Each structure stands twice: as structure tokens, then as C-alpha cells.
1. Full extension from Glu154 to Gln51: what is 0.36 nm times the residue separation minus their Cα-Cα distance, to one decimal in nm?
2. According to a simple spin-label model (label point 7 Å from Cα along Cα-to-Cβ), what is the distance in nm between Thr14 and His43?
3. Principal axes first, then extents: for the Cα atoms of segment 109-164, list largest minus smallest coordinate on each axis, whole Å, largest first.
4. Roughly speaking, to the nearest percent, how much of segment 124-186's 1.4 Å accessible area is carbon and sulfur?
5. Please work out the FRET efficiency for the pair Asp185 and Gln61, using the Cβ-Cβ distance as r and a Förster radius of 30 Å; give the result to the nearest 0.05.
6. How long is the gain from Arg146 to Ala112 if the chain were fully straight, where each residue apart is worth 0.36 nm and the alpha carbon distance is subtracted?
7. Can you pull the one-decimal nm distance between simple spin-label points at Arg68 and Thr161, each 7 Å off the Cα toward Cβ?
8. What full-extension length gain, to one decimal in nm, is calculated for Gln21 and Arg7 as 0.36 nm per residue of separation minus the Cα-Cα distance?
Amino acid sequence: MTNRPTREQDSEITTIVARDQARLRAFIRSRVINQDEAEDILHDVFYELVQAYRLLDPIEQVSAWLFRVARNRIIDRFRKKKEEPLADLTSDQEDELQLDIALPAPDASPQAAYVRTVLLQQLQDALDELPASQREVFIAHELEGRSFKELASESGVGINTLLARKRYAVLHLRARLQPIYDQFDI
């Protein structure tokens, strides 16, 4: 343990935060839908930085450390969220309910930014092509993070019907986006 003065530590921490905050925020926001949760994770990461700096020797490769901590916090958040058990689904059926699109980071290279723009536009176009019932359940579950149980309760439509609607939406979106992935070799 070093005996660096607190002012020196504060100065180093301030420099690190100023240097890495924008990139780290963009990294977290690209992976967490709810922006309030993303900000909470960002604050948790910087809090952990301060704690580590106060207790340990200076961290080697601070930027890499921050991104690793952020990734772990994101994973922890997703693990803590209660998932609705879908006991009747086989693993093949579960795979059919997830779109798993890979978007380049918004702050990446100009080419990556272009690919991201094209993918998002194609996703929007593909969503617009869906029947309203499929589009609504996809957006509610995938983008808004709402559970099938909650959607069924609000709409009066059975969970299995909602699952089927989302499955059809995902299959359509995958088919519609695949040529873009092939074109840009993603």
C-alpha cells in the first residue's frame, strides 16, 4: 500500500474520469436499454474505481480495468433481474425468441457508424413490415424489457399466443436483417 496524499489520488481519479467517462458511458448505454440503469452502472464503476484507488496501489491499465468492471456490472444486473420461467419451451424454441443483433458501437470508426446506421434503419423497416400484434409484443418484450406475464395480464392475450407472436417477429427480423449482416460481414 502506498502512502500517496489524498490530493494526488483525487487528482489522478479526476483525470481518469474526465478521460474515460464518455467512452465508458457509450459502452454501457450500447448494452443497457434503460438509460437510468446505464447511469447507475456508470456511477457504480467510478465508485469502485475510487474505492480501489484508495485501498490499493495504482491500477495498471485503468481504462481496461474500468471496461472490465462495467461489463461485470452489466452482467450482474441482468442476472439479478427475475426471468419468467418458460418451462414448456425447448432450447431450440428459446433460441427462436431471441433476435441477438450485433450493433457496432456508436463511437467506433466511421465505417462502423455507417453499418450501425444501416442496421438500425433496416431494423426499423423490418419492424414496420410486421403485423401490429407481432411488432407490439416484440417491442414491449425486447426493447422495453416487459415480461410475457405482464403483457398477458394487460392485454388479456395468453402467454403462449404472445410467445408465438414474438417468435414470428424474430424469425421475420432475422430473415430481413441477414442480407445486411452478410453484406458487411458481421
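1. Working: separation 103, 0.36 × 103 = 37.08 nm, distance 4.40 nm.
That pair, Glu154 and Gln51, stretches by 32.7 nm at full extension.
2. 2.1
3. In descending order, the Cα extents are 45, 21, 14 Å.
4. Working: 1730 of 3560 Å².
In segment 124-186, the share of accessible area belonging to carbon and sulfur is 48 percent.
5. Values: r = 30 Å, r/R0 = 1.00.
Approximately 0.50, to the nearest 0.05.
6. Numbers: separation 34, 0.36 × 34 = 12.24 nm, distance 2.99 nm.
Length gained between Arg146 and Ala112: 9.2 nm.
7. 5.0
8. Going from the current span to full extension adds 3.0 nm.
The values are calculated or read from the model by the stated rules, or taken from the named source; none is laboratory data. What you see is a predicted model; the values in this text were computed from it and never measured. So basically every Cβ, Gly included, is an ideal-geometry build from the backbone, and we count neighbours across all protein chains shown. Just so you know, the surface numbers come from the protein's heavy atoms only, side chains and all, with ligands and any DNA or RNA stripped out. Shrake-Rupley method; radii C 1.70, N 1.55, O 1.52, S 1.80 Å.
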